[in-house]
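J.: Supplied in structure tokens, the structure appears directly below.
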Amino acid sequence: MNRSGDSIEQMDRQIEAEFLDEVRDILAGIDVLIGNLRSRVVPVGEALARIRRDMLNVEIRGSTLDQPLVTIVAHRLSEYLADLKEVDAGQLDDVQTFVDQIRQALEGKVDSSTTGSAKVVRALPARRVAEFNPADVKVTDVEVMLVVPDKAMSRIVERELAACGYRVSNVHSPFQALEMAVRTRPDMVIVSGVLGDLSGVDIACALSSMPTTRNLPVAILTSYSWGHPSLQDLPSRVPVIRKGPNFGDDLAEALSRLHIT
């Protein structure tokens with residue numbers, strides 16, 4: 001009888017049960033916050049900051065306990081709230097949708113496979129970009145994942161893509177980018193040439209070579225042009241989007257070349 005193995009499995013089950021209980025409590029608290037925000041009985045900034053902290057906690061814990069769908073939806077809710085300082089009734093409805101989706105994922109009521117996760121992500125509310133009135137831009141089903149750590153540059157790219165009606169998600173870690181690309185199946189990935197432990201060329205090569213993602217359109221955002229030594233290993237089918245005055249034209253060309261419509 002392997003008592004040590006049984007003990008480890010029992011401990012794992014206990015940790016998972018504690019996580020599930022903790023997340024249920026967090027979601028119940030957010031339900032209350034949403035109601036209070038609708039009634040305007042709590043400061044908006046304080047309430048939104050608490051939800052963001054809670055989602056960061058869920059995302060971090062979920063990623064270590066093999067809860068990928070919970071982690072992804074928590075990440076998307078954090079993104080949705082990132083720049084909000086005020087919320088209207090429609091946005092509170094959106095937040096409730098995220099919360100309900102996490103709850104369903106916890107209860108195993110949705111398909112958490114890579115295919116199922118991608119469908120869940122596509123059904124989540126799209127983040128609103130501050131520069132655009134929701135009535136001005138028709139949001140499409142096109143999903144673009146940015147791997148651009150520089151916040152200022154990320155905002156520029158996101159603004160351009162939002163003007164086209166594309167849904168945009170942001171991932172800052174190159175390793176998280178690989179996982180998210182597999183699990184959420186975006187229509188396109190735009191990756192910065194300079195990241196952390198891996199470069200944008202590394203990410204482009206990895207995505208282009210893995211059977212699961214080899215057909216995923218990828219473009220690299222860089223200060224360099226084709227022919228620069230840092231881009232020598234970049235697959236030829238990966239477009240280069242140059243920062244600076246050529247950015248708009250390069251982005252349009254990349255979207256056209258990769259058939260992103």
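The values are calculated or read from the model by the stated rules, or taken from the named source; none is laboratory data. Quantities reported herein were computed from a predicted structural model and do not represent experimental measurements. FYI the Cβ positions are ideal-geometry reconstructions off the backbone, even for glycines, and counts take in every protein chain you see.
J.: Would you check if there is a residue in the range 1-23 being modelled with pLDDT of 85 or more, within 24 Å of Glu86 (Cβ to Cβ) and aliphatic (A, V, I, L, M)?
T.: no
J.: Can Arg38 be described as closer than 19 Å to Asn170 by Cα, part of a helix (DSSP H, G or I) and in the same structural domain as Glu86 (by TED's automatic domain parsing)? Give the derivation first.
T.: On the way: closer than 19 Å to Asn170 by Cα: no; part of a helix (DSSP H, G or I): yes; in the same structural domain as Glu86 (by TED's automatic domain parsing): yes.
When the stated conditions are applied, Arg38 does not pass them.
J.: Answer with yes or no whether Asp197 is charged (D, E, K, R), within 23 Å of Asn215 (Cα to Cα) and assigned to a loop (DSSP other than H, G, I, E, B). Break it down into steps so the answer makes sense when it comes.
T.: On the way: charged (D, E, K, R): yes; within 23 Å of Asn215 (Cα to Cα): no; assigned to a loop (DSSP other than H, G, I, E, B): yes.
No.
J.: Also, quick follow-up: Is at least one residue of the range 245-255 at positive phi and in a loop (DSSP other than H, G, I, E, B)?
T.: no
J.: Return a yes/no flag: does the range 203-222 have any residue that is of a type in the set (Lys, Arg), surrounded by 20 or more Cβ atoms within 10 Å (Cβ to Cβ), out of contact with any strand residue (DSSP E or B) (no Cβ under 9 Å at 6 or more places or on another chain) and under 30 Å from Ser63 (Cβ atoms).
T.: Initial filter on the range 203-222 (of a type in the set (Lys, Arg)): 214.
Applying the additional criterion that residues be surrounded by 20 or more Cβ atoms within 10 Å (Cβ to Cβ) yields none.
Within the range 203-222, not a single residue is of a type in the set (Lys, Arg), surrounded by 20 or more Cβ atoms within 10 Å (Cβ to Cβ), out of contact with any strand residue (DSSP E or B) (no Cβ under 9 Å at 6 or more places or on another chain) and under 30 Å from Ser63 (Cβ atoms).
J.: Further question: Going by the structure shown, is Ala130 farther than 27 Å from Val182 by Cα, among the aliphatic types (A, V, I, L, M) and at pLDDT below 90? First the steps, then the outcome.
T.: On the way: farther than 27 Å from Val182 by Cα: yes; among the aliphatic types (A, V, I, L, M): yes; at pLDDT below 90: yes.
Yes; evaluated as a whole, the condition is true for this residue.
J.: Step by step: first the residues of the range 223-241, then only those that are at pLDDT 95 or above and outside any loop (DSSP other than H, G, I, E, B), then the one that is surrounded by the most Cβ atoms within 10 Å (Cβ to Cβ). Which residue is that?
T.: For the range 223-241, the residue satisfying everything is Ile241.
J.: Okay, moving on. Exactly one of these conditions fails for Arg52: (1) under 18 Å from the mean Cα position of the chain (by Cα); (2) of a type in the set (D, E, K, R); (3) more than 30 Å from Asp12 (Cα to Cα). Give me its number.
T.: Exception for Arg52: condition (3).
J.: Being assigned by TED's automatic domain parsing to the domain that holds Gly90, at pLDDT 95 or above and not in a loop (DSSP other than H, G, I, E, B) narrows it down to one residue among Val58, Val32, Val70; which is it?
T.: Details: Val58 fails: at pLDDT 95 or above; Val70 fails: at pLDDT 95 or above.
The unique qualifying residue is Val32.
J.: Something else about it: Could you list, in sequence order, the residues of the range 56-68 that are exposed (fewer than 15 other Cβ atoms within 10 Å of the Cβ) and of a type outside the set (A, V, I, L, M)?
T.: Asn57, Thr64, Asp66
J.: So which of Leu81, Leu124, Leu106, Leu92 ends up being closer than 25 Å to Gly29 by Cβ and touching a Phe, Trp or Tyr at 6+ places or on another chain (Cβ under 7 Å)?
T.: Values: Leu81 fails: touching a Phe, Trp or Tyr at 6+ places or on another chain (Cβ under 7 Å); Leu106 fails: touching a Phe, Trp or Tyr at 6+ places or on another chain (Cβ under 7 Å); Leu92 fails: touching a Phe, Trp or Tyr at 6+ places or on another chain (Cβ under 7 Å).
The match here is Leu124.
J.: Taking the residues in the range 12-55 that are among the β-branched types (Val, Ile, Thr) and without any contact (Cβ under 8 Å) to a residue 40 or more places away in the chain as candidates, determine which candidate is surrounded by the most Cβ atoms within 10 Å (Cβ to Cβ). Break it down into steps so the answer makes sense when it comes.
T.: Taking the range 12-55 and keeping what is among the β-branched types (Val, Ile, Thr), we get 15, 23, 26, 30, 32, 34, 41-42, 44, 51.
Next, from what is left, pick out any that are without any contact (Cβ under 8 Å) to a residue 40 or more places away in the chain: 26, 32, 41-42.
On the way: Ile26: 20, Val32: 11, Val41: 9, Val42: 15.
The selected residue is Ile26.
J.: Report yes if some residue within the range 187-198 is of a type outside the set (Lys, Arg) and at positive phi; otherwise report no.
T.: First pass over the range 187-198, keeping only residues of a type outside the set (Lys, Arg): 187-198.
Pick out the ones that are also at positive phi and you get none.
No, there is no match, as no residue in the range 187-198 is of a type outside the set (Lys, Arg) and at positive phi.
J.: Name the residues in the range 73-117 that are of a type in the set (Val, Ile, Thr) and not in a loop (DSSP other than H, G, I, E, B), would you? Full working, then the answer.
T.: So in the range 73-117, the residues of a type in the set (Val, Ile, Thr) come out as 73, 87, 95, 97, 99, 102, 110, 114-115.
Those that are of a type in the set (Val, Ile, Thr) and not in a loop (DSSP other than H, G, I, E, B): Val73, Val95, Thr97, Val99, Ile102, Thr114, Thr115.
J.: Which residue is farthest from Leu178 (Cα to Cα), if the candidates are limited to the range 216-233 and must be under 24 Å from the mean Cα position of the chain (by Cα) and hydrophobic (A, V, I, L, M, F, W, C)? Lay out the reasoning, then the answer.
T.: Quick first cut of the range 216-233, residues under 24 Å from the mean Cα position of the chain (by Cα) only: 216-222.
Applying the additional criterion that residues be hydrophobic (A, V, I, L, M, F, W, C) yields 216, 218-221.
Details: Leu216: 12, Val218: 12, Ala219: 14, Ile220: 15, Leu221: 17 Å.
Restricting to residues being under 24 Å from the mean Cα position of the chain (by Cα) and hydrophobic (A, V, I, L, M, F, W, C), the top hit is Leu221.
J.: Another question about this same structure. Does the range 183-200 contain any residue that is among the aliphatic types (A, V, I, L, M), crowded, with 20+ Cβ neighbours inside 10 Å and at pLDDT below 95?
T.: Going residue by residue through the range 183-200, those that are among the aliphatic types (A, V, I, L, M) are 188-191, 194-195, 198.
Those still in the list that are crowded, with 20+ Cβ neighbours inside 10 Å too: 188-191, 195.
Filter once more, keeping what is at pLDDT below 95: 195.
Yes; the residues of the range 183-200 include at least one that is among the aliphatic types (A, V, I, L, M), crowded, with 20+ Cβ neighbours inside 10 Å and at pLDDT below 95.
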